[in-house]
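S.K.: Could you have a look at this structure, given as structure tokens, before my questions?
The values are calculated or read from the model by the stated rules, or taken from the named source; none is laboratory data. For clarity, every value in this text was computed on a predicted model and none was experimentally measured. Please note: Cβ atoms are built from the backbone with ideal geometry, for glycine as well, and neighbour counts cover all protein chains shown. Surface areas here come from the heavy atoms of the whole protein model, side chains and all, with no ligands, DNA or RNA. Shrake-Rupley method; radii C 1.70, N 1.55, O 1.52, S 1.80 Å.
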Amino acid sequence: MNTTANKITLLRILLVPVFLVLEYAGHPVAAFIVYVLASLSDLADGYIARRYNQTTVAGKFADPLADKMLVLAAMCYLIEAGTMPAWAVAAVIFREFAVSGLRLIAAQKNIVIAAAYSGKVKTACTMVCLGIMLLLLYRPSPLLNGICVGLIVATTLYSGFEYFKNNYQVFKETD
């Protein structure tokens, strides 16, 4: 974790509990700022890793983990706040388990499944929509909240479908 990109990823992981502590302590503006900074760090670490050839095995593991930690922390908070339906979070979690399982099976066959563009769109859409939903806690808009939930679920399910559609050969048995 000694590259700049990996340090930014680690920072994102460390910001997750800071975000939650600020939310639960009643500091929603500070929590929102931390959430936005953590979300933007995903762009920064990816750009730096590619631009300065800092792609590492540790980064390939930690970056998506950091994203999932941030997203799931925000989603769990929004469930508790009553604005994120648990079924939508379940859909996100199920997709993550399914794609992780697909990657594990592929790895056993020495196949590397690269991140799909739809997965990047899903992550960006989810982070933006969750940011909007965090703001909506203090200025409720059921319509906009519903649109955000719909976008999160739609991009999640589509990207999961695309991973399986593009990598179905992983399930073929070879002798």
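S.K.: Suppose R0 equals 25 Å. What FRET efficiency, 1/(1 + (r/R0)^6) with r the Cβ-Cβ distance, do V112 and N2 give to the nearest 0.05?
M.R.: The pair V112/N2 has a calculated efficiency of 0.60.
S.K.: For A98 and F161, compute 0.36 nm times the residue count separating them, minus their Cα-Cα distance, and round to one decimal in nm.
M.R.: 21.7 nm
S.K.: Once you sort the root eigenvalues of the Cα gyration tensor of the chain as a ≥ b ≥ c, which label holds: rounded (a/c under 1.5), prolate (a/b larger than b/c) or oblate (the other case)?
M.R.: Here the chain falls in the oblate category.
S.K.: Just to verify a number: FRET efficiency for L72 and I33, C-beta to C-beta distance, R0 = 22 Å, to 0.05?
M.R.: Numbers: r = 20 Å, r/R0 = 0.89.
Calculated value: 0.65.
S.K.: Please give the contour-minus-distance gain from Y24 to L65: 0.36 nm per residue of separation, less the Cα-Cα distance, rounded to one decimal in nm.
M.R.: Values: separation 41, 0.36 × 41 = 14.76 nm, distance 2.29 nm.
So the extension gain works out to 12.5 nm.
S.K.: If you place +1 on the Cβ of every Lys and Arg, -1 on the Cβ of every Asp and Glu, and leave all else neutral, what size is the dipole of the stretch 1-151 about its Cα centre, to the nearest 20 Debye?
M.R.: Details: 12 positive and 7 negative charges, 97 e Å.
Dipole about the Cα centre, nearest 20: 460 debye.
S.K.: Heads up, I need the accessible area for E80: 1.4 angstrom probe, whole protein in place, Å², nearest 10.
M.R.: Per-residue accessible area (E80): approximately 130 Å².
S.K.: Describe numerically, in nm with one decimal, the distance between label points set 7 Å from Cα along Cα→Cβ at L137 and at Y52.
M.R.: In this crude label model, L137 to Y52 measures out at 3.4 nm.
S.K.: Check each of the chymotrypsin sites (Phe, Trp or Tyr not before Pro) in the stretch 101-158 and keep only those in coil by DSSP with at most 16 other C-beta atoms within 10 angstrom; list them in order.
M.R.: Qualifying residues, ordered by number: Y138.
S.K.: Could you work out the helix-only [θ] at 222 nm for the chain, with each DSSP H run of four or more residues adding -39,500 (n - 2.57) and the total divided by the number of residues, to the nearest 500 deg cm²/dmol?
M.R.: Calculated at 222 nm, the ellipticity per residue is -27500 deg cm²/dmol.
S.K.: Quick check for you: with a 1.4 Å probe and neighbouring chains kept, what is the accessible area per residue of the stretch 1-46, in Å²?
M.R.: I get 51 Å² per residue for the stretch 1-46.
S.K.: What cysteines in the chain have no other cysteine with a beta carbon less than 4.7 Å from their beta carbon?
M.R.: C76, C125
S.K.: While we're looking at this one, here's another question. Once you order the gyration tensor axes a ≥ b ≥ c over the Cα atoms, which shape class does the stretch 1-101 get: rounded for a/c under 1.5, otherwise prolate or oblate by comparing a/b with b/c?
M.R.: Values: a/c = 2.83, a/b = 1.39, b/c = 2.04.
Oblate, because a/c is 1.5 or more while a/b does not exceed b/c.
S.K.: Pull out the extension gain between K120 and Y168, defined as 0.36 nm times the separation in residues minus the alpha carbon to alpha carbon distance; nm, one decimal.
M.R.: Additional length available on full extension: 15.3 nm.
S.K.: Also, quick follow-up: Only loop residues by DSSP count here, and only those with at most 13 other Cβ atoms within 10 Å; note down the chymotrypsin sites (Phe, Trp or Tyr not before Pro) in the stretch 1-72 that meet that.
M.R.: Loop-located and lightly packed - Y52.
S.K.: Within the chain, which DSSP H helices have Cα atoms that stretch 30 Å or more along the helix axis and a mean Kyte-Doolittle hydropathy of at least 1.6?
M.R.: For the chain, where a helix must reach 30 Å along its axis and average at least 1.6, there are no hits.
S.K.: Here is a further query. Counting only protein chains, not ligands or nucleic acids, how are I8, I147, I152 ordered by accessible area (probe 1.4 Å), most first?
M.R.: My answer, sorted largest first, is I147, I8, I152.
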